[in-house]
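Read the figures in this text as sums done on the coordinates, not as results from a lab. All figures in this text were calculated on a predicted structure; none of them were measured in a lab. Cβ coordinates were reconstructed from backbone atoms using ideal geometry, including for glycine residues, and neighbour counts include every protein chain displayed.
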Amino acid sequence: MTLRKRGFARLLVRVIAYVRPHEATRPKIWLVHQVPMNTFTDRVARSIGRHFVSLSCVQHPPNGGEMRIHVFSGFVVDVAGQWFYVTAGHILRDIQKAMDCGSIFDIWRLGDQTAGNRFNNAAIPYAFDPNHWFVLEDADVGLDYATTHLGGLYRQQLETGGVTAIAKNAWSDPLAEHDHWALVGIPTETVSYDGKTVISARIVMAPLLPTDAPHLPSNGPKTSSTRDLPMAQNSSSAT
């Protein structure tokens with residue numbers, strides 16, 4: 001299947017707005033908020049959980065470097081009847097940079113356990129190819145996303161596992177009424193590997209509450225950050 005990149009980018013921006021509103025339409029800053037975790041976790045499991053899919057792999061750095069395990073978080077959306085997996089754009093850039101430096105990645109898996117765990121923690125083998133991904137990046141508005149088409153056997157296995165894509169009737173109205181906002185991700189510290197085929201990790205959910213933005217002086221100190229570190233030295237998960 002082929003899609004014109006500009007048209008797809010516009011669709012993807014609307015999808016992202018459902019999960020993370022555009023900066024220009026977000027008048028509040030979201031802070032971690034304490035709510036009854038049993039109720040909150042149940043609500044997340046019934047809603048976000050069925051769209052959440054992890055992407056994991058094992059990295060072998062060049063020259064006998066220490067093996068690294070990665071588990072990235074993402075979600076599945078429906079665009080024009082087709083399924084797409086969405087994660088952070090910097091992940092694809094870091095992976096490509098590591099590959100260019102000689103790292104080898106294997107044991108790629110798609111994890112759908114939060115959708116019901118119908119197969120007792122068994123993940124779906126995935127043939128990763130960076131050429132099959134599209135990165136949507138616009139630093140001016142804070143966009144940093146990567147996506148790839150999920151069709152054929154991948155979609156069938158995810159559907160059988162209980163995954164459902166975020167449909168247009170959900171992402172087309174990003175400012176609809178909602179019960180909770182939450183930050184969902186996979187901390188690197190929770191990732192483990194049995195040395196053969198099983199990669200494990202914990203998903204962490206933090207409730208969020210809107211609050212007024214802090215005052216920032218116009219002539220205050222400037223700060224900067226960078227992600228220009230090779231993955232062979234920096235293990236991270238998607239946010």
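Here the residues 205, 67, 99, ranked from fewest to most Cβ neighbours within 10 Å of their Cβ, fall in the order 67, 99, 205.
If Lys and Arg each add +1 and Asp and Glu each add -1, what is the summed charge of the other residues whose beta carbon sits under 12 Å from the beta carbon of residue 60? Mind showing how you got there, number by number?
On the way: positive: 68; negative: 66, 106.
Surrounding charge for residue 60 is -1.
Each of 51, 180, 132 was scored by other Cβ atoms within 10 Å of its Cβ. Arranged with the fewest first, they read 132, 180, 51.
With neighbour counts taken as other beta-carbon atoms within 10 Å, the residues 70, 149 rank, fewest first, as 149, 70.
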